[in-house]
1. Which numbered condition trips up residue 18, out of (1) assigned to a helix (DSSP H, G or I); (2) crowded, with 19+ Cβ neighbours inside 10 Å; (3) at pLDDT below 85?
2. Identify, by number, the condition in (1) closer than 30 Å to residue 86 by Cβ; (2) at pLDDT below 95 that residue 392 doesn't meet.
3. Just wondering, is there one or more residues in region 169-181 that are free of Cβ contacts under 8 Å to residues at least 40 places away in the same chain, surrounded by fewer than 15 Cβ atoms within 10 Å (Cβ to Cβ), more than 30 Å from residue 296 (Cβ to Cβ) and in contact with a helix residue (DSSP H, G or I) (Cβ under 9 Å, 6 or more places away or on another chain)?
4. Report yes if some residue within region 123-143 is more than 21 Å from the chain's Cα centre (by Cα), under 21 Å from residue 59 (Cβ atoms) and in a helix (DSSP H, G or I); otherwise report no.
5. Identify, from the list 202, 167, the residue that is within 18 Å of the chain's Cα centre (by Cα) and under 28 Å from residue 114 (Cβ atoms).
6. Of all residues in region 341-370 being closer than 22 Å to residue 404 by Cα and more than 12 Å from the chain's Cα centre (by Cα), which is surrounded by the fewest Cβ atoms within 10 Å (Cβ to Cβ)?
7. Does region 261-270 include one or more residues that are part of a helix (DSSP H, G or I), touching a helix residue (DSSP H, G or I) at 6+ places or on another chain (Cβ under 8 Å) and under 22 Å from residue 397 (Cβ atoms)?
8. Give 349, 328 a once-over and let me know the one that is touching a residue at least 24 places away in the same chain (Cβ under 8 Å) and over 17 Å from residue 156 (Cβ atoms).
């Protein structure tokens, strides 16, 4: 293999006290079929984090959890996810990602089985936290895709793989609803465990093999410390991480409590019917590929601004879903398209900054995503219990407006 030491990687390695990073002289490119497999694997992995959303009422019933507090089921999963982002994802810059990815997937399958047979709320919450911890294999895959892609195609590659992530989040609700109606909510996790094991074997067989000797042998504590240093050294990372926190808080303000009004009168929808609303959001997820292409052409800031405006506007039809569920569908499409556009832009921009530290960059960035998701989930279910759907919509719209104001105030740092 033709190798060279990249100047930027050498300088950053010296700042972290690491040996110079050796990387391929020219990226091999990411074949379309490989990108598709990455996207499918990401979708399945992230779905494990979001299966609970349409099942909250059933879980609350089985474990005697109050409806106003059942958002804790989603919150503990997101907390586990945040911990995995900090403690596991950076290992992708240190070890063979092929082995790391397959190992995480196998352990995820075990944790999913425990969720499916949990006898009490304590076991449920603990096992869901572990599911979240290990689901960060998604971000290892996204960073891997960015490494393999040609520089001129990186935004498009990240967009393709990320489309799998968002599609997985949204389809999780539909699939979970169908399986729950047919066989009960526990089988959602047991079926996913089997699919996750299959995914582990597939990825181990198709992922490129790399010589671990090419990677720096950095002590683990120093590797984690370098994640913090990246936030100090990279203003762009700080800005885009806060945007991630705000947009995914708004995202979960919608999705976490949505099952509660839709399953009650006057709608009284089944889990399958509620899950169908996730399919509407897939329309937004399909925008990921062209969004990445715009970022490749230097239009990241324009995409961000328009995306945030669309996210604010989406909450108006969502607020009037009582008059027509088609208004809810329109709002979901708008919201998911906006969030996907900003999310792909965020990742594409930060990946271009530090090629030697992509796993650490995405790990640090996604910690804020997970924090926003957790806060949005627990806050929205509490707000729904106190002020109903109108309170949820005011919260979601307010968070979206805060994201727009923050972006405008930090515009000069966002390049």
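1. Unmet for residue 18, out of (1) assigned to a helix (DSSP H, G or I); (2) crowded, with 19+ Cβ neighbours inside 10 Å; (3) at pLDDT below 85: (1).
2. (2)
3. Narrowing region 169-181 to residues free of Cβ contacts under 8 Å to residues at least 40 places away in the same chain: 179.
Still in the running and surrounded by fewer than 15 Cβ atoms within 10 Å (Cβ to Cβ): none.
Checking region 169-181: not a single residue is free of Cβ contacts under 8 Å to residues at least 40 places away in the same chain, surrounded by fewer than 15 Cβ atoms within 10 Å (Cβ to Cβ), more than 30 Å from residue 296 (Cβ to Cβ) and in contact with a helix residue (DSSP H, G or I) (Cβ under 9 Å, 6 or more places away or on another chain).
4. Narrowing region 123-143 to residues more than 21 Å from the chain's Cα centre (by Cα): 123-124.
Next, only the ones that are under 21 Å from residue 59 (Cβ atoms) stay: 123-124.
Imposing the further condition that a residue be in a helix (DSSP H, G or I) reduces the set to 123-124.
Taking every residue of region 123-143 in turn, at least one turns out to be more than 21 Å from the chain's Cα centre (by Cα), under 21 Å from residue 59 (Cβ atoms) and in a helix (DSSP H, G or I).
5. Working: 202 fails: within 18 Å of the chain's Cα centre (by Cα).
Answer to the check: 167.
6. Taking the candidates together, the pick is 349.
7. Taking region 261-270 as the starting set, the residues that turn out to be part of a helix (DSSP H, G or I) are 261-263.
Pick out the ones that are also touching a helix residue (DSSP H, G or I) at 6+ places or on another chain (Cβ under 8 Å) and you get 261-263.
Keeping just the survivors that are under 22 Å from residue 397 (Cβ atoms) gives 261-262.
Within region 261-270 (the criterion being part of a helix (DSSP H, G or I), touching a helix residue (DSSP H, G or I) at 6+ places or on another chain (Cβ under 8 Å) and under 22 Å from residue 397 (Cβ atoms)), the answer is yes, since at least one residue qualifies.
8. Details: 349 fails: over 17 Å from residue 156 (Cβ atoms).
After ruling out the rest, the residue left standing is 328.
The values are calculated or read from the model by the stated rules, or taken from the named source; none is laboratory data. Just so it is clear, the model here is predicted, and its values are computed rather than measured. Please note: Cβ atoms are built from the backbone with ideal geometry, for glycine as well, and neighbour counts cover all protein chains shown.
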